[in-house]
Amino acid sequence: MKKKMLLFAACLLVLVACEKKGDESVSSDKETALKEAVTPYVSNTVIATYSHMADEGLVLHEQCQQILAAQEAEQDYSALIKQAQTSWRAMRKYWEQSEAFLYGPASAHNIDPHIDSWPLDFNAMNALLHDPDRMATIEQEGGAYVGDKLGYALKGFHAAEYLLFTKTTLTHAEAVYLLGIVEDLVQQAILLEYCWADEVSTDKMQMLTDGDVEPYEDKYGWQMMNAGQAGSVYKTYQEAAEEIIAGCVDIAGEVAELKMGNPYLSSTDEQREYIESPYSCTSTIDFADNIRSIEHAYRGAQAGDHSISNYVYRQNPTLDTNVRTAISDAITAIEAIQDFETSAQNNPQVKNAMDKVAALEELLSKEVLPLLSK
């Protein structure tokens with residue numbers, strides 16, 4: 001009897017050991033699959049997007065330098081304004097396509113509110129432009145003064161947007177201010193690229209140096225691509241994948257509830273002022289690009305990239321199809337909106353788009369995230 005009991009115990013230990021080994025194998029397979037998704041996400045989605053944004057910013061900065069020089073020389077610079085508008089839109093597009101990954105450096109260093117706060121404070125802007133001492137300092141210090149001394153409502157994309165899209169000519173103070181805004185804006189874009197890539201091109205690093213901007217040593221891309229290693233904030237690739245999808249959930253909620261929701265309701269002054277890009281009239285382009293940022297995070301930004309979509313498909317093909325369809329439906333509904341800046345309130349096209357984006361948010365939060373957590 002004692003021998004039988006010992007034999008039974010030995011068999012039980014073998015079964016438990018096999019079961020544990022099986023669990024570890026499943027976990028290892030999952031980590032391998034998610035690592036394959038995380039690596040191109042960092043390189044081809046996050047770093048590439050920030051790099052392109054900074055590249056477009058350098059072009060915009062040079063054009064604003066030319067605008068100031070032409071203004072001082074009393075030369076016609078209307079063509080330069082048009083070129084700068086195009087560059088602003090290009091830079092803005094990459095920013096909006098980055099908003100699914102506002103976690104990490106964009107949030108930790110307050111770069112998101114630094115470059116993308118609205119509405120503008122026109123009273124403070126008017127006072128600044130008519131203060132010769134402060135304008136002289138901006139002319140001397142440029143983006144350094146704008147970045148360190150001005151509040152969020154006086155800098156970033158929307159301050160530059162206002163000057164570029166509502167003015168046919170600029171006063172000297174406005175041209176100086178525009179250049180300072182753009183210089184600071186581009187420096188912040190370069191910081192984002194550096195925080196993820198841990199390096200930037202020589203001309204970008206020179207712009208940080210010229211502005212006395214010290215880059216943050218986040219090594220965020222390395223941390224995400226090396227989950228589980230010493231120095232990484234991520235214990236597993238599952239944690240990294242969950243943060244990627246959580247970032248998608250966050251921007252979907254913001255687009256549906258705030259960016260479209262506030263103008264749609266428009267029952268308070270705050271909601272009426274919540275038109276995102278009122279001067280360039282690119283709000284719906286912004287929203288669609290926000291959803292494209294989700295698409296790139298979920299499916300990959302480049303053809304053939306391994307992605308979280310690949311993992312979801314292997315676990316639940318129907319869910320993957322539903323997410324892809326929800327992304328497409330949301331973009332289509334947003335792009336169908338006409339004259340958002342002037343007719344968002346109670347607009348059924350806006351409501352339809354809000355519902356489509358909310359449906360995408362629900363799929364990601366209630367089905368994709370739990371699937372990753374299993």
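The values are calculated or read from the model by the stated rules, or taken from the named source; none is laboratory data. Everything numeric in this text was worked out from a predicted model, so none of it was measured. FYI the Cβ positions are ideal-geometry reconstructions off the backbone, even for glycines, and counts take in every protein chain you see. Only protein heavy atoms, including side chains, enter the accessible area calculation; ligands, DNA and RNA are left aside. Shrake-Rupley method; radii C 1.70, N 1.55, O 1.52, S 1.80 Å.
Each row is one residue, and each column tells you yes or no for (1) farther than 30 Å from residue 33 by Cα; (2) open to solvent by 80 Å² or more (accessible area, probe 1.4 Å); (3) at pLDDT below 95.
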| position | (1), (2), (3) |
| --- | --- |
| 296 | no, no, no |
| 300 | no, no, no |
| 303 | no, yes, yes |
| 306 | no, yes, no |
| 312 | no, no, no |
| 361 | no, no, no |
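Which numbered condition in (1) in contact (Cβ under 8 Å) with a residue 60 or more places away in the chain; (2) open to solvent by less than 20 Å² (accessible area, probe 1.4 Å); (3) part of a helix (DSSP H, G or I) is the only one that residue 165 fails?
All conditions are met except number (2).
Free of Cβ contacts under 8 Å to residues at least 24 places away in the same chain, hydroxyl-bearing (Ser, Thr, Tyr) and at negative phi: which single residue out of 264, 234 fits that description?
On the way: 264 fails: free of Cβ contacts under 8 Å to residues at least 24 places away in the same chain.
The conditions single out 234.
Looking only at helices (runs of 4 or more DSSP H) that fall completely inside segment 268-362, which ones have 2 or more residues that are closer than 30 Å to residue 168 by Cβ and among the acidic types (Asp, Glu)? Outline the logic, then answer.
On the way: elements: 269-272, 283-299, 308-315, 317-335, 340-343.
Per the criteria, 283-299.
Taking segment 66-87 as the search range and keeping residues that are out of contact with any helix residue (DSSP H, G or I) (no Cβ under 6 Å at 6 or more places or on another chain) and assigned to a helix (DSSP H, G or I), which one is farthest from residue 175 (Cα to Cα)?
Quick first cut of segment 66-87, residues out of contact with any helix residue (DSSP H, G or I) (no Cβ under 6 Å at 6 or more places or on another chain) only: 69-70, 72-76, 78-79, 81-82, 86.
Add one more test, that the residue is assigned to a helix (DSSP H, G or I), and what stays is 69-70, 72, 78-79, 81-82, 86.
Numbers: 69: 9, 70: 10, 72: 9, 78: 13, 79: 15, 81: 11, 82: 15, 86: 17 Å.
Here the residue is 86.
So residue 258 fits all but one of (1) of a type in the set (A, V, I, L, M, F, W, C); (2) surrounded by fewer than 18 Cβ atoms within 10 Å (Cβ to Cβ); (3) in contact (Cβ under 8 Å) with a residue 60 or more places away in the chain; what number is the exception?
Every listed condition holds for residue 258 apart from (3).
When both residues are 6+ apart or on different chains and their Cβ atoms are under 6 Å apart, which pairs have a first residue that lies in segment 71-93 and is of a type in the set (Lys, Arg), and a second that is open to solvent by 60 Å² or more (accessible area, probe 1.4 Å) and part of a helix (DSSP H, G or I)?
none
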